[in-house]
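A quick write-up on the structure given underneath.
The values are calculated or read from the model by the stated rules, or taken from the named source; none is laboratory data. Since we're looking at a predicted model, the values are computed, not measured. Here the Cβ positions follow ideal geometry from the backbone for every residue, glycine too, while neighbour counts run over all protein chains shown.
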Amino acid sequence: MTDLATARHAIERLRREPRRRRLTVESVAALTPKMRRIVFTAPELADFASLGADDHIKVFAPDPSAPQGAAMRDYTPRAFDPVRCALTIDFALHEAGPASDWARGAMPGDSLEIGGPRGSMVVADDFDAYLLVGDETALPAIGRRVEGLRAGVPVTTIVLVDGPEEIQTFETRADWRPVWLFRSGSDRDDAALLSEALARWPTPPGDGYVWIAAEARAARALKTAMLEDRGHPKAWLKAAGYWVRGKAGESEKLDS
């Protein structure tokens, strides 16, 4: 990786003071059987900013068993309309959990508190190709990234979901090449399914940016495969464990 390449492919980390806001549900829609899209509005969103495709906000989901009656969960702002002060969040519906339970029953007029985002990682759209890998929890960030890329740039997404009914489509100018993987009918775990698909992915020519988010063990295996097996530059890869099997509400940073 040359100094010139590093200068070209700027990755900027921005910090801001997080702010807590109370939002009102404007609309609710089922994207797929296990993904619910909720649009929120509030005057407090007038100064909201989310500059990175994988930004996180804290959702304070009602939970009587949690301190102060709310459980904190991380979600990606799927879209934001500053003119309407409208924030879209996609909720992956798990079998149980305070955020999933709230999203299942949400109706227009309901309220929810959020905090953040605390910061953003802004990746310059000047790479020769992009690879985005994850499971359903990563789909909001993947969709946002795919939709925002410049015209014609190759982007491959490898996404693991329960079955074909969970496939999503994105409107994009990029040359999008989706690969969908399904848990249903397979006896392999997430790490094995994603690793096998990654092994089949041909490394494109030029400089590539790789983004990975899934269950922590799976994300760690994918990161190792890219860095050690393929020799991908560490500066051009971000990996995160968006959830940890058996530990509700926990995530794992894998940047170090």
Run Ala138 past the list (1) within 15 Å of the chain's Cα centre (by Cα); (2) under 24 Å from Val179 (Cβ atoms); (3) not in a helix (DSSP H, G or I) and report the number of the one that doesn't hold.
(3)
Read through the list (1) in contact with an Asp or Glu (Cβ under 8 Å, 6 or more places away or on another chain); (2) modelled with pLDDT under 95; (3) part of a strand (DSSP E or B), then give the number of the only condition that Ala5 fails.
(3)
Among the residues of the stretch 138-151, which ones are surrounded by fewer than 19 Cβ atoms within 10 Å (Cβ to Cβ) and closer than 12 Å to Asp54 by Cβ?
Gly148
Exception for Ala7 within (1) farther than 22 Å from Tyr209 by Cβ; (2) without any contact (Cβ under 8 Å) to a residue 60 or more places away in the chain; (3) out of contact with any His (no Cβ under 6 Å at 6 or more places or on another chain) falls at (1)
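When you look at Pro67, is it touching a residue at least 12 places away in the same chain (Cβ under 8 Å) and over 22 Å from Ala213 (Cβ atoms), yes or no?
Details: touching a residue at least 12 places away in the same chain (Cβ under 8 Å): no; over 22 Å from Ala213 (Cβ atoms): yes.
Criteria not met by Pro67.
Would you mind finding the one in Pro164, Pro178, Pro154, Pro202 that is surrounded by 17 or more Cβ atoms within 10 Å (Cβ to Cβ) and not assigned by the TED database to the domain that holds Thr88? Spell out the reasoning first.
Details: Pro164 fails: surrounded by 17 or more Cβ atoms within 10 Å (Cβ to Cβ); Pro178 fails: surrounded by 17 or more Cβ atoms within 10 Å (Cβ to Cβ); Pro202 fails: surrounded by 17 or more Cβ atoms within 10 Å (Cβ to Cβ).
Result of the check over Pro164, Pro178, Pro154, Pro202: Pro154.
Return the only residue of Asp63, Asp55 being surrounded by 13 or more Cβ atoms within 10 Å (Cβ to Cβ), within 13 Å of Ser120 (Cα to Cα), of a type outside the set (S, T, N, Q) and touching a Pro at 6+ places or on another chain (Cβ under 9 Å).
Values: Asp63 fails: within 13 Å of Ser120 (Cα to Cα).
Of Asp63, Asp55, the one residue that is surrounded by 13 or more Cβ atoms within 10 Å (Cβ to Cβ), within 13 Å of Ser120 (Cα to Cα), of a type outside the set (S, T, N, Q) and touching a Pro at 6+ places or on another chain (Cβ under 9 Å) is Asp55.
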Cβ pairs under 9 Å, 6+ apart, first in the stretch 104-118 and in a helix (DSSP H, G or I), second not charged (D, E, K, R):
Arg104/Phe91; Arg104/Leu93
Number of the condition not met by Arg173 [criteria: (1) surrounded by fewer than 16 Cβ atoms within 10 Å (Cβ to Cβ); (2) in the same structural domain as Phe48 (by the TED database); (3) over 18 Å from the mean Cα position of the chain (by Cα)]:
(2)
